[in-house]
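Taking it in order: structure first as C-alpha cells, then the write-up.
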Amino acid sequence: MMSSPPDTSKTIKLERYNSYIRRVTSTKLLNASSKILFRTTLLIALILVFFFIFNYPPLSSPENNNNHHHRQLHTRTNFLSSAFGGGAAWEKKVRQSSTPRRPNGMSVLVTGAAGFIGSHCSLALKKRGDGVVGLDNFNSYYDPSLKRAREALLKQHQIYIVEGDLNDALLLSKLFDVVPFTHILHLAAQAGVRYAMQNPQSYIKSNIAGFVSLLEVAKSVKPQPAIVWASSSSVYGLNTDNPFSELHRTDQPASLYAATKKAGEEIAHTYNHIYGLSLTALRFFTVYGPWGRPDMAYFFFTKDILHGKTIDLYQTQDGKEVARDFTYIDDIVKGCLGALDTAEKSTGSGGKKRWPAQLRIYNLGNTSPVGVGKMVGIIEGLLSTKAKKHVIKMPSNGDVPYTHANVTLAYKDFGYKPTTDLASGLKKFVKWYVGYYGIQPRLKKENHLQPQDSS
Ligand SMILES: O=C(O)[C@H]1O[C@H](OP(=O)(O)OP(=O)(O)OC[C@H]2O[C@@H](n3ccc(=O)[nH]c3=O)[C@H](O)[C@@H]2O)[C@H](O)[C@@H](O)[C@H]1O
C-alpha cells in the first residue's frame, strides 16, 4: 500500500516565515547601522564646523583678538583663504616678504605694487632694508604683461605681490592678520584723466570704494598703520594761480579722475578726524620714467613715433601750447620715502581716536613746466626720428592746460628736492624702452642709447 506523502505544507510555511523574519531582521540591522554611521558623520562634521568657527588658532597678534569686528572678519577669512591662495605656504611668503632687514625697519603694504610708481617704491624700500608686501589686481587698463614683468623684477628682490582687489575687505583683513604692517603706501588707483569719460565707474570703484575699503580695515586693526597715498596734481583743476600751492583752491576738478582724487582727500580727512588714522596725500605731477605707464603721452608718443604714426599735439583754445610739470620717477620715489619716514603713528584704538593724528597734503612736482611740443622734440632727438604731428585744440575731455608745482612744503618737511630735468629723464626712459621692447631705432651714437634693464 502506497503510503500517502507526508504533509509538508506546514514545514514549508514555517521555513518561509523564518526566512522572511531573517530578511526583515537583517534589513533592519542594516538600516540601523547606516543610521548610526550617518549620525556619527553628522556629529563629526558639526564638531569640525564648530572647531573652525570658534577655535581656529589665531594668526594675529593678541590685541587683534580683542577687537570683535576684526575677529569676525578674521574667522570668515579662514574659510575663504583657499579662494585667494591662503594657507601656510602663502602666509610664509607674505611674512618673509614683509620682514624688515634693518633695525627699526618698516613693514609696508604697497598697494598697486605692480604699477609704475608702486614697483619703483617697493624696490627702493626693500633695498634699504624695509619689509614690503605688494597688493595688485593686475587689471587690464593697460597691458598686464608689463605689470607681470614688473612683478618678476620685484620677485628677484624677494618682494611678493598678492594678487587681489582693494574692495576685497576679507583679503585685506587676512593680510593684517598675518602681518602687523606699520605703514601702507597706497598707490593702487584707476589712473588717467581722459579715460574717465569712457569708464567712469572704474574710478568710483578703485579710487573711492577701494580707498574706503582699505581705510575701514586700517582703522580696525591694532596697531593702526600710518598711510601715505597717491593724490594728484589734477585736483587743482581750473585753478589759475601759479605755481600750484597746497593752499590754493581745489574745488573745481576738470575731470572725474580729479574729482575722485579730491574726494579721497576729503575721505582721508574724515578717517583722520574720527579714527585717528595718520594720513598723508601726495599730489603727483605727471610722473614719467622707465617702466612707466603706456597710457601716458610721453610713452605712447615714443611708440607712435617709432611706428611712423601721427601724434596729436594739444593746444589751448587760445592757441597756446599745453604744458606739464613732468616729474621723474626717482624724484617721486624719494618723495614717497620721505613722506613715509616722517609719517607719525596713527592714534586710534577700538574704533575711535585717542588724540589728534597727523593729516598732511604735499605737492610732489618738478617745479619747471615744459610744453608738450618741447617734450616731443626731446623724444625725436633721442630716437633720431621726426614725429608726424597733428596739432589740434585740446578736446574737452578733462585735460587742463598747465601744471606747475610749488614744493616748498615737501622740502621743508622731508627735504624733497627734484633733481632730474626732462631731457635727462626722457633719455633714461627711452633707453629702458628700446631695451624692454627689443627695438633698435636709428639711435644717434652721441645719445649713448644702449638698452638698460631698469632705472
Ligand atoms: O599729474 C597728474 O596727476 C596726472 O598726470 C598724468 O596726466 P597728464 O598730465 O594729463 O599726463 P598725460 O596724459 O601723459 O598728458 C601729458 C600732456 O600731453 C598732452 N597730450 C596728451 C595726449 C595727446 O594725445 N596729446 C597731448 O598733447 C596732455 O594735454 C598733457 O598736457 C597722469 O596720466 C594722470 O594719471 C595723473 O596722475
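Packing, as the average of other Cβ atoms within 10 Å across residues, places the peptides 257-264, 289-296, 243-250 in the order 257-264, 289-296, 243-250, highest first.
Here the Karplus relation 6.51 cos²θ - 1.76 cosθ + 1.60, evaluated at θ = phi - 60°, turns the backbone of region 239-254 into coupling constants of 4, 10, 5, 9, x, 5, 10, 4, 7, 6, 5, 9, 10, 10, x, 9 Hz, with x for every Gly and Pro.
Accessible area per residue for region 252-362 is 38 Å², calculated with a 1.4 Å probe on protein heavy atoms, without ligands, DNA or RNA.
Highest average first, the peptides 202-212, 388-398, 224-234, 359-369 ordered by how many other beta carbon atoms sit within 10 Å of their residues are 224-234, 359-369, 202-212, 388-398. Under 5 Å between amide hydrogens, built in the peptide plane, is the criterion, and for residue 232 it picks out 284 among residues at least 5 positions away or on other chains.
May I ask you to compute the full-extension gain from residue 354 to residue 128, defined as 0.36 nm times their residue separation minus their alpha-carbon distance, rounded to one decimal in nm? Full extension from residue 354 to residue 128 adds 78.1 nm.
For residue 321, the residues whose amide H sits under 5 Å from its own are 316, ignoring neighbours fewer than 5 places away on the same chain, with H placed 1.01 Å from N.
Rounded to whole numbers, the Karplus 3J(HN,Hα) couplings from phi for region 255-268 are 9, 5, 4, 4, 5, 6, 6, 5, 4, x, 5, 6, 5, 4 Hz, using 6.51 cos²θ - 1.76 cosθ + 1.60 with θ = phi - 60°, and x at Gly and Pro. Taking every protein chain into account, the 1.4 Å probe leaves residue 117 with about 30 Å² of accessible area, to the nearest ten. Summing Lys and Arg as +1 and Asp and Glu as -1 over all other residues whose Cβ lies under 13 Å from the Cβ of residue 310 gives a net charge of +3. Counting only heavy atoms of the protein chains and using a 1.4 Å probe, residue 163 has close to 110 Å² of accessible surface. The listed peptides 338-345, 143-150, ordered by packing as a protection proxy, come out as 338-345, 143-150 (highest mean of other Cβ atoms within 10 Å first). Fully extending the segment from residue 143 to residue 412, taken as 0.36 nm per residue of separation minus the present Cα-Cα distance, adds 93.0 nm. Amide H contacts of residue 405 (H built 1.01 Å from N, in plane; Pro and chain starts excluded): 244, 366, 367, 368 sit under 5 Å, all sequence-distant by 5 or more or on other chains. Using label points projected 7 Å from each Cα along Cα→Cβ, tell me how many nm separate residue 424 and residue 209, to one decimal. Using points 7 Å along Cα→Cβ, the separation is 4.4 nm.
The values are calculated or read from the model by the stated rules, or taken from the named source; none is laboratory data. Values in this document were obtained by computation on a predicted structure and should not be read as measured data. Don't worry about glycine lacking a Cβ; one is built from the backbone with ideal geometry, like all the others, and counts go over all protein chains shown. Surface accessibility is based on the protein's heavy atoms, side chains included, excluding ligands, DNA and RNA. Shrake-Rupley method; radii C 1.70, N 1.55, O 1.52, S 1.80 Å.
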